[in-house]
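Structure, as structure tokens:
What follows is calculated from the coordinates using simple rules that are stated; it is not laboratory data. As the structure is a prediction and not an experimental result, all values here were calculated from the model. Neighbour counts run over all protein chains shown; Cβ positions are idealised from the backbone, glycine included.
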Amino acid sequence: MKKSLLIPAVLLIILITLCSGCIAGDKTVVKVVPAGSLLIPLDEIEQEYEALHPEIDIQIEGHGSIQAIRQVTDLNRSIDLIVVADASLIPDMMYREGPVGVNYTDWYTPFARNEMVLAFTPESAYADEITRDNWYEILARDDVKVGFSNPTLDASGYRALIMMMLAEEQLNRPGLFNTVIGDSFKPALMVNKTENGSILELPVLLQPESGSKVTIRDSSLFLLNLLESGGIDYAFDYKSVAIGQGLRYVELPAEINLGDEAFAENYDNAAVYLGFQRFATIGNKRTGLPIVYAVTIPYNAPEPEEAEKFMEFMLARFSEGGEGYPAPL
Amino acid sequence: MKKILLILVIIACMFSAGCISNPYADIDWPLTLVGADGTEKILSVSEIAALPSVSGHGYAVSTVGIKYGPYEITGVPLIELLNQVGGVHEGQTVHVSAADGYLWVFSYEQLLGEDLLCLDANLKEMKTPAKMTPILMYAADGKPYPYDDGGPLRMATMTAEPDVITEGSLWVKWVDRIEVHG
């Protein structure tokens, strides 16, 4: 190519590249911090939104719900959208003054619900036998291994414990919690039954006995990997996560699955005290509540208008639902 | 002999001119160690960096699968650091807390490198666990560990082998206090 043509050619290439949006620096970045159980649907929603709005770069950074909020409240990061798997955390942690004298937020929009299920694979022990009616008998068998996330790190972990505490009461099966979970620890985890409901106080170190029927992993990600490799037979997890991972699952009664607002009073009858206070800004008591997802835009969102546009799109997509999406409210 | 003397003089001049300096000297980040009997000791990053250290591989993953690293990390094994306040023994726990209000608790066995999970590149559990050492890290890739990544002092799980991924929940950022309980 002649030298005189080289410069216009380079300029043309740069212009075409800019117009097609390939240079990320020209895009408006919208930072979204969601709960881990929303990562599969949000990945899909992000791609759809960016295809419609090539000038926008949706950047998603998953965390546990409490950690998601702490990015704003404790770590002073500028985030555009916070999306959590426990709506109650937003008023609890964000309806308070931040460093510039205004609340971190004053509102939230609940938009989806989830429920606890028992996820399993075709290779799980008694996979062809387990049903909605006999699941607790299967779990109680000596040769069945179960797993859940670390309750200190992941909401689905303490929700698994609460669900089993409610199951013992609801199914009138005294000792069920200990047979399936509590007896795998030394000393055994003991549920205190009071007039206000069932209370479980966890030890500082929550480590099942080696070779026992219980395994704990940091989060769903590691737990379900273990399930798929045959390390456990059944995992307590969210229904949307089980579906998103293509796993089989047993649905549990609405009275105990934390998925139905109509049973909110029932869920409130069980609470777990974590073994230590992981965060200075939130206590260590976790009470049974319906699992409701919620979104908010923090006071210091760098792109509040774009955040709102994306939020509206996201809410519309969640209301339609999809595979691996928590159910719309 | 003259040559050696000349080199020594040059090195001495470089020190006095500040050409070779302690990269940790200006980091204002006191760490409080508290022993099981209440003994308290405060160490600067510079003092920690002067203790016998170990170096190896560090690679972590968050609970949602975000990988951090791999790094070449340097620090002091936590179990050895606690010898400054009487040590830690079987049955005791170690509470590591951070400037942002975060707390994590380690068992004695974990400090020995036991009861820790290690994962391969696909985040599957490794059948043969690697040798792991929880350390208080102050350097990564030969430089002081940066504040934005959780420095200047961060817990880390060091492995002798590369490409071993460890649980990010143990990598406490901005460590400013370590207590022995029990």
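Would you tell me the mean number of C-beta atoms belonging to other protein chains that fall within 10 Å of each C-beta in B:97-106, as a whole number?
Numbers: counts 2, 2, 1, 7, 10, 8, 6, 4, 7, 1.
Partner Cβ neighbours, averaged per residue: 5.
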* Furthest towards positive pole of dipole, A:Val144, A:Asn196, A:Pro304, structure part the protein assembly as shown, Cβ charges -> A:Pro304
* Which whole-number percentage describes the relative contact order of chain B, with Cα contacts under 8 Å and a sequence gap of 6 or more? -> 27
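Return the average number of partner chain Cβ atoms within 10 angstrom of each residue Cβ along peptide A:277-287. Walk me through the numbers on the way to the answer.
Values: counts 2, 7, 4, 6, 3, 1, 0, 0, 0, 0, 0.
Mean shielding by partner chains, rounded to a whole number: 2.
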* **Cα gyration tensor, the stretch A:197-308 - rounded (a/c under 1.5), prolate or oblate** => rounded
* Asked: Here are some pairs, B:Lys143/B:Lys173; A:Lys186/A:Lys239; A:Lys31/B:Lys173; A:Lys213/A:Lys239; which of them have Cα atoms lying more than 26 Å apart in this structure?
  -> A:Lys186/A:Lys239
* Taking the Cα centre of the protein assembly as shown as the origin and placing charges on Cβ (Lys, Arg +1; Asp, Glu -1), which of A:Leu315, B:Gly69, A:Ser78 is farthest toward the positive end of the dipole? -> B:Gly69
* Asked: Which order, highest average first, do A:233-246, A:302-315 follow once you tally other Cβ atoms within 10 Å for each residue and take the mean per peptide?
  -> A:233-246, A:302-315
* Structure fact -> Residue-ordered couplings for the stretch A:315-325, obtained by feeding phi - 60° into the Karplus form 6.51 cos²θ - 1.76 cosθ + 1.60 and rounding to whole Hz (Gly and Pro as x), are 4, 5, 5, 5, 5, 7, x, x, 5, x, 8
* **Rounded if a/c under 1.5, otherwise prolate or oblate - the protein assembly as shown, Cα gyration tensor axes** => oblate
* Using Cα atoms only, what is the angle between the long axis of helix A:155-170 and the major principal axis of chain A, expressed in degrees (0 to 90) to the nearest 10? -> 30
* Asked: Considering only B:Ser53, B:Val175, B:Leu43, whose Cα is most displaced toward the positive end of the charge dipole of chain B, charges sitting on Cβ of Lys, Arg (+1) and Asp, Glu (-1)?
  -> B:Ser53
* To do: Rounded to the nearest 10 degrees, what's the angle between the helix B:2-16 long axis and the longest principal axis of chain B, both from Cα atoms, 0 to 90?
  => 60
* Asked: Taking amide H positions as placed 1.01 Å from N in the peptide plane, with prolines and chain starts having none, which residues 5 or more places from A:Val29, or on another chain, fall under 5 Å of its amide H?
  -> A:Asp57
* For the stretch B:159-170, 3J(HN,Hα) per residue [Karplus equation, 6.51 cos²θ - 1.76 cosθ + 1.60, θ = phi - 60°, Hz, x = Gly/Pro] -> 10, 6, 8, x, 6, 9, 9, 10, 5, x, 4, 7
* Asked: Listed highest first by mean packing, meaning other Cβ atoms within 10 Å per residue, what order do A:196-208, B:158-170 come in?
  -> B:158-170, A:196-208
* Interchain or long-range residues, amide H under 5 Å from A:Arg113's placed H -> A:Tyr293, A:Ala327, A:Leu329
* According to the square roots a ≥ b ≥ c of the eigenvalues of the Cα gyration tensor, what is the shape class of the stretch A:132-272, taking rounded for a/c under 1.5, prolate for a/b larger than b/c otherwise, and oblate for the remainder? -> rounded
* To do: Using only alpha carbon pairs under 8 Å that are at least six residues apart, calculate the relative contact order of chain A and give it in whole percent.
  => 26
* Against the longest principal axis of chain A, how steep is helix A:39-52, in degrees 0 to 90 to the nearest 10, with axes from Cα atoms? -> 20
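About its Cα centre, how strong a charge dipole does the stretch A:116-287 have in debye, to the nearest 20, once Lys and Arg get +1 and Asp and Glu get -1 at the Cβ? Intermediate values should be presented prior to the final figure.
Details: 14 positive and 24 negative charges, 110 e Å.
My answer is approximately 520 debye.
Taking beta carbons within 10 Å but only from partner chains, what does the mean come to for residues A:305-318?
Details: counts 0, 0, 0, 0, 0, 0, 0, 0, 0, 0, 0, 0, 0, 0.
That average works out to 0.
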